[in-house]
1. Which number in (1) under 27 Å from Y459 (Cα atoms); (2) without any contact (Cβ under 8 Å) to a residue 60 or more places away in the chain; (3) hydrophobic (A, V, I, L, M, F, W, C); (4) crowded, with 20+ Cβ neighbours inside 10 Å marks the one condition that I75 misses?
2. Across segment 234-247, what is the total count of residues that are buried (at least 17 other Cβ atoms within 10 Å of the Cβ) and part of a loop (DSSP other than H, G, I, E, B)?
3. Answer yes or no as to whether S424 is assigned to a helix (DSSP H, G or I), more than 27 Å from K286 (Cα to Cα) and in contact (Cβ under 8 Å) with a residue 12 or more places away in the chain.
4. Is there a residue in segment 62-73 that is of a type in the set (V, I, T), touching a helix residue (DSSP H, G or I) at 6+ places or on another chain (Cβ under 7 Å) and assigned by TED's automatic domain parsing to the domain that holds F111?
5. Only residues that are farther than 20 Å from N224 by Cβ and either touching a Leu at 6+ places or on another chain (Cβ under 7 Å) or among the hydrophobic types (A, V, I, L, M, F, W, C) (or both): list them for segment 176-199, please.
6. Only residues that are of a type in the set (S, T, Y) and within 17 Å of K426 (Cα to Cα): list them for segment 379-409, please.
7. If you scan segment 288-328, which residues turn out to be β-branched (V, I, T) and part of a helix (DSSP H, G or I)?
Amino acid sequence: MKIIHISAECYPIAKVGGLADVVGALPKYQNTAKTTSQVVMPFYKNKYTQDHKFKILYEGHLEMGNDSLDFKVLIPENDHLGFELFLVDIPELLYKDYVYSENDTDRFLAFQIAALDWIIQDMQLPDIIHCHDHHTGLIPFMMSHVEQYKKLKNTPSIFTIHNAQYQGWFSHDKVDLIPRFPLSHIGLLDWDNCINPLATAIKCAWQVTTVSPSYMEELKLKANGLEDLINSESQKCCGILNGIDTEVWDPEKDGMIPAKYGISNCDPGKQVSKDWLCEKFELNPKKPLFVFIGRLVEEKGADLFYDVFDMALKDLDISILLLGSGNKTFEKRLSTLTKKYPKKYNAYIGYDEELSHKMYAGGDFLLMPSRVEPCGLNQMYSLRYGTIPIVNEIGGLKDTVLDISDGGFGFSHTDNTVEGIFNSIKRANQFYSNITKLKETRKVIMQIDHSWDASAKQYINLYKSLIQYS
């Protein structure tokens, strides 16, 4: 069975968020289950492409409205990703030092057209085309309704919603950029008087998945305007919980942390990383360390952080370390707390992959009070490293973290307000003083299996069920 994943991101080639982690891991685990799983993504001007050599596999030419664009499909000469990687190079549009910009309509539409143009030239067509998020949302429509792609009409398409907040909207004025199709199908592109790639994919894909069962149920009630559509298409929708790449995220093998450790030496191993962090950021290693790793946006609850941290640092004997970037107002406000609470709080504004590994290893608790979290990978990383998560009970967080008061191993709340988050931090701080229970819980959470093995098999079973009807 041949599967092609099409995505704007894929770790380690280009990463902005969790989409990259999923697309960089799922194909690898599917390949261990004796499938042929490949990834197609844009060719960006970034560190990965600068550090690797590529050879040309295919050269083509695409029409997009009145524009004619040459493109190439490149493959790395030497790499060990666990899957075959194909990069679509359209210099005028995609070869940039950024993944996303304010207006990506032309960029990602050209990418989708080029990807399909190349796929139909291959002697061995895929059994499944698996599209990820709105940047690839027009592919299921084009496979079914664009004449030049009729060879793919009977190829099953799967579309995974990683985050329904972003839908790729653009004006009907640009409909001519899409390869010619019968105008009787224009309604499949439209949602709320604009072309909506996410809505189009939900309408046209053979199967729609999300990254956790709870998130799928939440989308039926709150999906940024697509609630009615998701409910009407619910018979072909399901949630499959993401996994994590346990080869990358393994404290026993992680070369990015100061000292590797496993379940048997978890406590001294974590302490080495904690000591490193506290020395680097001038914090007290004897106090419980709460860490946040992620985007500073309202989705993540970041508008509440200043007041939450101010309350917690004033009332509790704890340390907080933040790694993230996003809203400039949030960044500035959160930076001011460093002066207000020296030796208790610090912040690294930006993103540093290596530092994130050290924080998962050295933190005692991970803060993740998201308002929207389709699946969430950070809490799974923290569990793997023996760091106890504190979460809002939504989406994938609800599916992966059970509160300690219910016999679980984390701290969750449904009141995602300043007071509600503070109360979870306060409970965690009290729990920290119970050394025996703390050590037991660390060992328990490190053994929870959130690898991609089970999820990859679920996807493969889903593919097989679609192929029999193709």
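1. In the conditions (1) under 27 Å from Y459 (Cα atoms); (2) without any contact (Cβ under 8 Å) to a residue 60 or more places away in the chain; (3) hydrophobic (A, V, I, L, M, F, W, C); (4) crowded, with 20+ Cβ neighbours inside 10 Å, I75 misses (4) alone.
2. First, pick out the residues of segment 234-247 that are buried (at least 17 other Cβ atoms within 10 Å of the Cβ): 237, 239-246.
Of the ones still in play, those that are also part of a loop (DSSP other than H, G, I, E, B) are 240-243, 245-246.
Selection size over segment 234-247: 6.
3. Details: assigned to a helix (DSSP H, G or I): yes; more than 27 Å from K286 (Cα to Cα): no; in contact (Cβ under 8 Å) with a residue 12 or more places away in the chain: yes.
Against the criterion (assigned to a helix (DSSP H, G or I), more than 27 Å from K286 (Cα to Cα) and in contact (Cβ under 8 Å) with a residue 12 or more places away in the chain), S424 does not qualify.
4. Of all residues in segment 62-73, those of a type in the set (V, I, T) come to 73.
Keeping just the survivors that are touching a helix residue (DSSP H, G or I) at 6+ places or on another chain (Cβ under 7 Å) gives 73.
Next, only the ones that are assigned by TED's automatic domain parsing to the domain that holds F111 stay: 73.
Yes, segment 62-73 has at least one match.
5. L177, I178, F181, L183, I186
6. Taking segment 379-409 as the starting set, the residues that turn out to be of a type in the set (S, T, Y) are 381-382, 385, 387, 400, 405.
Answer for segment 379-409, where residues must be of a type in the set (S, T, Y) and within 17 Å of K426 (Cα to Cα): T387, S405.
7. Filtering segment 288-328 down to residues β-branched (V, I, T) leaves 291, 293, 297, 308, 318, 320.
The one that is β-branched (V, I, T) and part of a helix (DSSP H, G or I): V308.
Every residue, every condition in (1) at pLDDT 95 or above; (2) farther than 20 Å from S37 by Cα; (3) surrounded by 15 or more Cβ atoms within 10 Å (Cβ to Cβ); (4) outside the structural domain of M64 (by TED's automatic domain parsing), yes or no:
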site	(1), (2), (3), (4)
E102	no, yes, no, no
F108	yes, yes, yes, no
W118	yes, no, yes, no
Q167	yes, yes, yes, no
L183	no, yes, no, no
L198	yes, yes, yes, no
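The values are calculated or read from the model by the stated rules, or taken from the named source; none is laboratory data. Predicted model only: the values in this text are computed from it and were never measured. Note that we place each Cβ from the backbone using ideal geometry, even for glycine, and neighbour counts take in every protein chain shown.
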